[in-house]
1. Out of (1) 19.9, 62; (2) 21.6, 71; (3) 18.0, 63, which label holds the value of Rg and Dmax of the Cα atoms in Å that was computed here?
2. Only helical DSSP H runs with n ≥ 4 go in: add -39500 (n - 2.57) per run for the chain, normalise by residue count and round the 222 nm mean residue ellipticity to 500 deg cm²/dmol.
3. Could you state the accessible area per residue of the chain in Å², with a 1.4 Å probe and every protein chain left in place?
4. Given a 1.4 Å probe and the protein chains all in place, what does the accessible area of Ile187 round to, in Å² to the nearest 10?
5. With angles folded into 0 to 90 degrees, how steeply does helix 205-222 sit against the dominant principal axis of the chain? Use alpha carbons for both and round to 10.
6. Between 0 and 90 degrees, rounded to the nearest ten: what's the tilt of helix 14-25 against the longest Cα principal axis of the chain?
7. In degrees between 0 and 90, to the nearest 10, how far off the longest principal axis of the chain does helix 131-140 point, with axes built from Cα atoms?
8. What net charge do the residues around Val182 carry, taking every other residue with its C-beta under 11 Å from that of Val182, with Lys and Arg at +1 and Asp and Glu at -1?
Amino acid sequence: MARNFLTIALPKGKLLTDSLEALTKIGIECQEVSEESRKLVFPLEKAQAQIIICRPTDIPTFVEYGAADIGFVGKDTLLEENKDVVELLDLGFGYCRFVVAMPEEKVPPRLPDGKFDLSGLNHQRVATKFPRVAEDFFREQGMQVLPIKLHGNIELAPRVGLAEMIVDIVSTGTTLRQNKLVEIAPILEATTRLIANRVAYRMKHERINELTEKLRQLLGKAH
């Protein structure tokens, strides 16, 4: 395949629209790309590229192993998957926050500075899709927790006694409130990132750098 030909991995779901819009604005015509299609690979001959559509959690793997040269992926997924890729740019969209939350009737007491006292949660169970992120956060507090990995309905776990708390990503906090959960600690904020395969970044540096700079300029204009 040509040296300047790029395979771009994009995530299924809510990030796909913003990802395609960004690529279109920098001159990569991808009108044919649609999650509704049964196709998973979309050749873009004019742009000397192809787009592949993947599950968001798989994108770091596709990029690490070179099945894709670059990819768009949430920082939350990037942290959890911990793959050996190059992070090139914060694309700014797909904002969410990692938080620790508990049932409102079980929240710990507050410290003088107004923060919740997490010390009583040492060695407790935490339900999450992100066990690595959860463990890293509590380790930084000098604590250990027992992560229980779930793939959905995280909010249910404390209500039925599966775990004392959850670590999850939130956008507005509505789901937490609906399930009578209270945020007791922020962990970090996450947005979509542009990542690259390490070998491709060396071999196709000019092409990848050009695309990165166009996206950087686009973000500059947007702000």
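The values are calculated or read from the model by the stated rules, or taken from the named source; none is laboratory data. Every value quoted in this text rests on a predicted model; they were computed, and no experiment measured them. Positions of Cβ are generated from backbone atoms using ideal geometry, with glycine treated the same way; all protein chains shown enter the neighbour counts. Side chains included, ligands, DNA and RNA excluded: accessible areas come from the protein's heavy atoms. Shrake-Rupley method; radii C 1.70, N 1.55, O 1.52, S 1.80 Å.
1. Derived directly from the coordinates: (1).
2. -8500 deg cm²/dmol
3. I get 55 Å² per residue for this part.
4. Per-residue accessible area (Ile187): approximately 40 Å².
5. Taking the Cα atoms of the chain, the angle to 205-222 is about 60 degrees.
6. 30
7. Orientation of helix 131-140: about 60 degrees from the principal axis.
8. Combined, the nearby Lys, Arg, Asp and Glu give 0.
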